[in-house]
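Here the structure is laid out as structure tokens; the discussion comes afterwards.
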Amino acid sequence: MVVYDESMPLFEPLSLVGKYVRLQPLRMSHMPELEDAVRDGELWNLWYTRVPSPETMELEIRQRLEKQEQGTMLPFTVRRLADDVVLGMTTFCNIDAATPRAEIGYTWNRASTQGSGTNPDSKLLLMTHAFETLGCRAVEFRTHWMNHQSRAAIERLGAKQDGVLRNHTRMPDGTLRDTVVYSVLDSEWPIVRRGLQARLEKARPSGTPRAGAGSQAS
């Protein structure tokens, strides 16, 4: 177990490499590839998500980098190892370095990557880093009550539902979102890790297309 030390630098930009993906620090130079990635499935048209469109990608990147400067977010670009193609974005957010704990969110991926193993690989990288390097006591996930696909994906990780924040935040279309909150505790991490590893062992080859949406919006 990692013991928290206030002198330890937490949530610093870094790259994480797994079986199928590489998570690298988000950069403005990634914008053209991210614009191309988000067109795969046009996830911004799903009313219950907060996925940027190609037209709003520059603003989205700038906002994530501003939050990184403020110490509340650590954003990544997700890149597939097999062909170096950018798949989407993910972050550590709502960072509480004193506990420490953080949320994994603001995540979206190319729709065609669903079922390829890239998303569980990404989650395994982030959670391993959070629990085993940073010594986090908990990792949180949040999503829209109506985003049933995202809720099912979070529950498959082994996360437990903490509760629902009703009328929690306003969506781009003006509707109010009920936010479902999940978490994994450090004591639960070993069994969650084993489940993710088992899923990766069974995953079909990365890059094999399959229709569907791949969004988990915080």
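Give the residue that is farthest from Phe11 (Cα to Cα), with candidates limited to residues of region 94-124 that are of a type in the set (Lys, Arg) and touching a residue at least 60 places away in the same chain (Cβ under 8 Å).
Of all residues in region 94-124, those of a type in the set (Lys, Arg) come to 101, 110, 123.
With the extra rule that they be touching a residue at least 60 places away in the same chain (Cβ under 8 Å), the set shrinks to 110, 123.
Details: Arg110: 26, Lys123: 16 Å.
Once the filter is applied, the top-ranked residue is Arg110.
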Quick one: what pairs do we get from region 41-64, first residue over 16 Å from Leu26 (Cα atoms), second of a type in the set (D, E, K, R) and at pLDDT below 95, C-beta under 6 Å, 6+ apart or different chains?
Trp47/Asp173
Scanning region 105-116 residue by residue, the ones that are touching a strand residue (DSSP E or B) at 6+ places or on another chain (Cβ under 6 Å) and buried (at least 23 other Cβ atoms within 10 Å of the Cβ) total 6
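Are any of the residues in region 85-100 assigned to a loop (DSSP other than H, G, I, E, B) and buried (at least 24 other Cβ atoms within 10 Å of the Cβ)?
Residues of region 85-100 assigned to a loop (DSSP other than H, G, I, E, B): 85, 97-100.
Retained after the next criterion (residues that are buried (at least 24 other Cβ atoms within 10 Å of the Cβ)): none.
No, that holds for no residue.
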Looking only at region 95-119, how many residues end up being within 11 Å of the chain's Cα centre (by Cα) and at pLDDT 95 or above?
7
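Just the residues that are among the small types (Gly, Ala, Ser) and touching a residue at least 12 places away in the same chain (Cβ under 8 Å), please, taken from region 125-171.
Going residue by residue through region 125-171, those that are among the small types (Gly, Ala, Ser) are 130, 135, 138, 150, 152-153, 158-159, 163.
Those that are among the small types (Gly, Ala, Ser) and touching a residue at least 12 places away in the same chain (Cβ under 8 Å): Ala130, Gly135, Ala138, Ser150, Ala153, Gly158, Ala159, Gly163.
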For region 17-59, give me each residue that is of a type outside the set (Lys, Arg), more than 30 Å from Trp145 (Cβ to Cβ) and either assigned to a strand (DSSP E or B) or at pLDDT below 95 (or both).
Val17, Gln24, Pro25
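Could you tell me whether Leu176 is of a type outside the set (Val, Ile, Thr) and closer than 26 Å to Trp47 by Cα?
Numbers: of a type outside the set (Val, Ile, Thr): yes; closer than 26 Å to Trp47 by Cα: yes.
Criteria met by Leu176.
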I'd like the residue in region 148-171 that is in a loop (DSSP other than H, G, I, E, B) and in contact with a helix residue (DSSP H, G or I) (Cβ under 9 Å, 6 or more places away or on another chain) and, out of all such residues, is surrounded by the most Cβ atoms within 10 Å (Cβ to Cβ).
Ala159
Exactly one of (1) farther than 19 Å from Thr72 by Cβ; (2) touching a strand residue (DSSP E or B) at 6+ places or on another chain (Cβ under 8 Å); (3) at pLDDT 95 or above is unmet by Gly214. Its number?
(3)
Filter region 172-206 down to the residues that are under 22 Å from Pro52 (Cα atoms) and touching a residue at least 60 places away in the same chain (Cβ under 8 Å), then identify the one that is surrounded by the most Cβ atoms within 10 Å (Cβ to Cβ).
Arg177
Tell me the residue from Arg204, Arg177, Arg194 that is charged (D, E, K, R) and in a helix (DSSP H, G or I), please.
Arg194
Any idea how many residues of region 104-119 are assigned to a helix (DSSP H, G or I) and closer than 17 Å to Phe92 by Cβ?
1
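The values are calculated or read from the model by the stated rules, or taken from the named source; none is laboratory data. Since the model is a prediction, treat every value here as computed from it, not as a measurement. Cβ atoms come from the backbone with ideal geometry, glycine included; neighbour counts cover every protein chain shown.
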